[in-house]
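A.B. asks: Below you will find the structure I want to go over with you.
The values are calculated or read from the model by the stated rules, or taken from the named source; none is laboratory data. Because the structure is predicted, anything quoted here is derived from the model rather than measured. Cβ coordinates were reconstructed from backbone atoms using ideal geometry, including for glycine residues, and neighbour counts include every protein chain displayed. Side chains are part of the model used for accessible areas, which takes the heavy atoms of the whole protein and leaves out ligands, DNA and RNA. Shrake-Rupley method; radii C 1.70, N 1.55, O 1.52, S 1.80 Å.
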Amino acid sequence: MTHLPHPLVSARRLAARREAGERFHLLDVRWALGQPSMHEAYLHAHLPGACWVEFEDALSDAVSDDGAGGRHPMPSLDRFQDAMRAAGVRNDVPVVVYDAANGLAAARCWWLLRYFGKLDVQVLDGGLAAWKQAGGALEGGDPTPTQRGDFIATPRHLTLVDADGAEELAARHLLVDARPADRFAGQNETIDPVAGHIPGAVNIPALSNIGADGCFLTSDDLATRFTARGIPRHERVGVYCGSGVQAAHLALALEVSGVFDDPAVYIGSWSDWISDPERPVERD
């Protein structure tokens, strides 16, 4: 059985590994919905040796004209593999991925790497903010690798579902919506053209699983929260959000908690669901 590293690494632990000369590869995936690329911020300051990954180009496929696949469709194998190789990802070197703070973009990259077979990958808990708070070194410029990585993507190492799969999970098992509570309820919807949620889904907002410092709650705290919502009682659990970002974050939190392994992720999520007007919508 392949031994998987803990999905999170603290800033202090990462700094100690760096000081000890341990070999690992850093990916900077800073991103925020609706905001310009953060590449300029990366060029100004990033973790030493970290390579830039452009979220919209690497962690999402092109958006279709009819909206099928959602706002951030699942990237094709070739698209993702090429982006990871361009960022220097190698089969034999562990990866640590980070974003600005709350782990949303980093979790998406973590989940995709795991899905495509890169199992030795971790998220820097608290991201760049935690690294700076811990006194970690920074550098500017662009240390783009002179040699491409050799990462070979092989799919289906984690569970991915489409709209039909999500509907079946909601009807017969458990489907969790990771968006904020108001969007789940169909209120204050400012991103997608249709408000509401998939009928039968329950709500556990992804960002409720991190503290004010942007770091995840402890494993015990997360386990208590998820157990209270009945997750361990279910044989199958699925997660979704608006476009598969907060869903990956919730999948990461579930793994950290130890309560449920490999929840099925509906990457297309709500933005894909509503691309078909025949699909039902529920509001609270």
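A.B. asks: Considering (1) open to solvent by less than 30 Å² (accessible area, probe 1.4 Å); (2) in contact with a strand residue (DSSP E or B) (Cβ under 9 Å, 6 or more places away or on another chain); (3) assigned to a loop (DSSP other than H, G, I, E, B), say which one His72 fails and leave the rest.
C.D. replies: Of everything listed in (1) open to solvent by less than 30 Å² (accessible area, probe 1.4 Å); (2) in contact with a strand residue (DSSP E or B) (Cβ under 9 Å, 6 or more places away or on another chain); (3) assigned to a loop (DSSP other than H, G, I, E, B), His72 misses just condition (2).
A.B. asks: Residues Ala170, Ala253, Ala247: which one is part of a helix (DSSP H, G or I), in contact (Cβ under 8 Å) with a residue 12 or more places away in the chain and more than 16 Å from the chain's Cα centre (by Cα)?
C.D. replies: None of the other options fit; the residue is Ala170.
A.B. asks: Among the residues of segment 178-214, count how many are buried (at least 16 other Cβ atoms within 10 Å of the Cβ) and of a type in the set (S, T, N, Q).
C.D. replies: Number of matching residues: 2.
Yes/no matrix, rows are residues, columns are (1) at pLDDT below 95; (2) open to solvent by 20 Å² or more (accessible area, probe 1.4 Å); (3) farther than 14 Å from His25 by Cα:
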{"position": "Ser37", "(1), (2), (3)": "no, yes, yes"}
{"position": "Tyr42", "(1), (2), (3)": "no, no, yes"}
{"position": "Ala50", "(1), (2), (3)": "no, no, no"}
{"position": "Ser64", "(1), (2), (3)": "no, yes, yes"}
{"position": "Asp92", "(1), (2), (3)": "no, yes, no"}
{"position": "Val97", "(1), (2), (3)": "no, no, no"}
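A.B. asks: Could you pull out the residue among Ser275, Ser271, Ser257 that is open to solvent by less than 20 Å² (accessible area, probe 1.4 Å), closer than 27 Å to Gly34 by Cα and of a type in the set (Gly, Ala, Ser)?
C.D. replies: Result: Ser271 is the single residue among Ser275, Ser271, Ser257 that is open to solvent by less than 20 Å² (accessible area, probe 1.4 Å), closer than 27 Å to Gly34 by Cα and of a type in the set (Gly, Ala, Ser).
A.B. asks: Kindly indicate which of Gln133, Gln122 is at negative phi and under 16 Å from the mean Cα position of the chain (by Cα).
C.D. replies: Gln122
A.B. asks: Would you point out the residue of segment 8-30, among those that are open to solvent by 50 Å² or more (accessible area, probe 1.4 Å) and touching a residue at least 40 places away in the same chain (Cβ under 8 Å), that is farthest from Leu124 (Cα to Cα)?
C.D. replies: Applying the filter and picking the extreme gives Arg23.
A.B. asks: Which residue pairs have Cβ atoms under 9 Å apart, sit 6 or more places apart or on different chains, and have a first residue in segment 256-283 that is without any contact (Cβ under 8 Å) to a residue 12 or more places away in the chain and a second that is open to solvent by less than 50 Å² (accessible area, probe 1.4 Å) and in a loop (DSSP other than H, G, I, E, B)?
C.D. replies: Pro277/Val194
A.B. asks: Further question: Have a look at Leu113, Leu128, Leu175, Leu158 and point out the one that is open to solvent by less than 50 Å² (accessible area, probe 1.4 Å), part of a loop (DSSP other than H, G, I, E, B) and not acidic (Asp, Glu). Show your work before the answer.
C.D. replies: Details: Leu113 fails: part of a loop (DSSP other than H, G, I, E, B); Leu128 fails: part of a loop (DSSP other than H, G, I, E, B); Leu175 fails: part of a loop (DSSP other than H, G, I, E, B).
So the residue among Leu113, Leu128, Leu175, Leu158 that is open to solvent by less than 50 Å² (accessible area, probe 1.4 Å), part of a loop (DSSP other than H, G, I, E, B) and not acidic (Asp, Glu) is Leu158.
A.B. asks: Let me ask something else about it. What number of residues within segment 216-266 satisfy the criterion of being among the acidic types (Asp, Glu) and under 30 Å from Glu56 (Cβ atoms)? Full working, then the answer.
C.D. replies: Here is the first cut: in segment 216-266, the residues among the acidic types (Asp, Glu) are 220-221, 235, 255, 261-262.
Applying the additional criterion that residues be under 30 Å from Glu56 (Cβ atoms) yields 255, 261-262.
Residues in segment 216-266 being among the acidic types (Asp, Glu) and under 30 Å from Glu56 (Cβ atoms): 3 in total.
A.B. asks: Residues being without any contact (Cβ under 8 Å) to a residue 24 or more places away in the chain and assigned to a helix (DSSP H, G or I): count how many of those fall in segment 208-224.
C.D. replies: Within segment 208-224, residues that are without any contact (Cβ under 8 Å) to a residue 24 or more places away in the chain and assigned to a helix (DSSP H, G or I) number 4.
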